[in-house]
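Trainee: This structure is in structure tokens; I'll ask about it shortly.
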């Protein structure tokens, strides 16, 4: 309780930077979950600090709370590479650390319905691990929000097993390129050193046939919609000390939507499941220039305006379901392929980005 009180005081009283706020918010969420877990189980409190079985992220979800480590070959660009080797494929390391911190979940009307409240949190890191001099962090993204409300109605009528509605009134994303990359771009004389990609949004998601941790075969479909809180602020901005403000055109399109599909096979005696997952997302290519170099390594500005486009993300692999259950009891290994607008931070001004990687997933 002392930890919780101190975290609340510092978070809402003192002017601290964004990183400290994120750390304090994460500690606060853990403190709440820990305190609730200590409450004795009674008929009234039996759902406190328990995660719901429904609405777990799909493997192909681009911004999920799954824990993932991935080695990928991705399309390179002078925008984020020290060697100026644009137009070639290079290995990169991607990792995602996420959690849905549980507040409450429970079933109603003889398990026909369920309701849950959680706090989502994730950190997504892109590293140029094979760059010799410094192995820099290219981009780090933080997403958190809450409370997040989800409701399930179990139909069990043939193909239609259930539907789930998830609503998050407030979510926040902020992204940052690495220090080495910021220095590199400044020394190279690029007009734009760092774009502040930071925004608040509301998200509404509808799922049909949620697997609910089932080990049986299942086809799931998911439709999601994101809407910015402040249309005039858009998805990004720039401070005058970080670049030429005149080159950063405010975003005109305040929404994003996506359709996801995931199929899982039956689990046999080996406790293995085949997984096929895909996402089609419609999002904005950000409206500020990107840069590339010619044969003489002179910087060329590609000033392509904002437009909307579809991106494609696909996953295929095998999941092991530990029969003993428990936290992180499901481990997956699979191939991921992505094509479309660069999905990472300020590099969303790059309209072409391809990626193929091998990923290890913990659920």
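Trainee: Of the residues 133, 141, 95, 105, which is in contact with a helix residue (DSSP H, G or I) (Cβ under 8 Å, 6 or more places away or on another chain) and on the phi < 0 side of the Ramachandran plot?
Mentor: Details: 133 fails: in contact with a helix residue (DSSP H, G or I) (Cβ under 8 Å, 6 or more places away or on another chain); 95 fails: in contact with a helix residue (DSSP H, G or I) (Cβ under 8 Å, 6 or more places away or on another chain); 105 fails: in contact with a helix residue (DSSP H, G or I) (Cβ under 8 Å, 6 or more places away or on another chain).
Being in contact with a helix residue (DSSP H, G or I) (Cβ under 8 Å, 6 or more places away or on another chain) and on the phi < 0 side of the Ramachandran plot holds for just one of 133, 141, 95, 105, which is 141.
Trainee: I'd like to verify a number: residues in region 280-303 that are in contact (Cβ under 8 Å) with a residue 60 or more places away in the chain and either under 24 Å from the mean Cα position of the chain (by Cα) or part of a strand (DSSP E or B) (or both), how many?
Mentor: Initial filter on region 280-303 (in contact (Cβ under 8 Å) with a residue 60 or more places away in the chain): 281, 283-293, 297, 299, 301.
Still in the running and either under 24 Å from the mean Cα position of the chain (by Cα) or part of a strand (DSSP E or B) (or both): 281, 283-288, 290-293, 299, 301.
So the answer is 13.
Trainee: Shifting gears a bit: So, in region 329-363, exactly how many residues are part of a strand (DSSP E or B) and more than 20 Å from residue 90 (Cα to Cα)?
Mentor: From region 329-363, those part of a strand (DSSP E or B) are 330-340, 353-362; that's our starting set.
Now restrict to residues that are more than 20 Å from residue 90 (Cα to Cα): 330-333, 361-362.
Within region 329-363, residues that are part of a strand (DSSP E or B) and more than 20 Å from residue 90 (Cα to Cα) number 6.
Trainee: Here is a list: 180, 148. Which entry is out of contact with any helix residue (DSSP H, G or I) (no Cβ under 9 Å at 6 or more places or on another chain), under 30 Å from residue 217 (Cα atoms) and in the same structural domain as residue 355 (by TED's automatic domain parsing)?
Mentor: Working: 180 fails: under 30 Å from residue 217 (Cα atoms).
Going through 180, 148 in turn, just one is out of contact with any helix residue (DSSP H, G or I) (no Cβ under 9 Å at 6 or more places or on another chain), under 30 Å from residue 217 (Cα atoms) and in the same structural domain as residue 355 (by TED's automatic domain parsing): 148.
Trainee: Quick one: count up the residues across region 262-279 that are assigned to a strand (DSSP E or B) and either free of Cβ contacts under 8 Å to residues at least 60 places away in the same chain or more than 28 Å from the chain's Cα centre (by Cα) (or both).
Mentor: Within region 262-279, the first condition is being assigned to a strand (DSSP E or B), and the residues that meet it are 262-264, 272-279.
Restricting the remaining residues to those that are either free of Cβ contacts under 8 Å to residues at least 60 places away in the same chain or more than 28 Å from the chain's Cα centre (by Cα) (or both) gives 263-264, 272-274, 276.
Count: 6.
Trainee: Please tell me if residue 319 is assigned to a strand (DSSP E or B), under 18 Å from the mean Cα position of the chain (by Cα) and surrounded by 20 or more Cβ atoms within 10 Å (Cβ to Cβ). Don't jump to the end; show me each part of the working.
Mentor: Details: assigned to a strand (DSSP E or B): yes; under 18 Å from the mean Cα position of the chain (by Cα): no; surrounded by 20 or more Cβ atoms within 10 Å (Cβ to Cβ): yes.
So residue 319 does not fit the description; no.
Trainee: Run down 85, 110 and say which single residue is under 30 Å from residue 155 (Cβ atoms), modelled with pLDDT under 90 and assigned by TED's automatic domain parsing to the domain that holds residue 189. Can you show your working first?
Mentor: Details: 85 fails: under 30 Å from residue 155 (Cβ atoms).
The conditions single out 110.
Trainee: Kindly provide the set of residues from region 91-142 that are more than 23 Å from residue 212 (Cβ to Cβ) and outside any strand (DSSP E or B), ordered by number.
Mentor: 128, 129, 130, 131, 132, 133, 134, 135, 136
Trainee: Of everything in region 156-168 that's over 17 Å from the mean Cα position of the chain (by Cα) and under 16 Å from residue 55 (Cβ atoms), which residue is surrounded by the most Cβ atoms within 10 Å (Cβ to Cβ)? Before you say what the answer is, go through the steps one by one.
Mentor: At the first step, the residues of region 156-168 found to be over 17 Å from the mean Cα position of the chain (by Cα) are 156-165.
In the following step, the residues that additionally are under 16 Å from residue 55 (Cβ atoms) were identified as 161-165.
Details: 161: 19, 162: 21, 163: 16, 164: 23, 165: 14.
The selected residue is 164.
The values are calculated or read from the model by the stated rules, or taken from the named source; none is laboratory data. This structure is a prediction, so every number in the text was calculated from the model and none was measured. Positions of Cβ are generated from backbone atoms using ideal geometry, with glycine treated the same way; all protein chains shown enter the neighbour counts.
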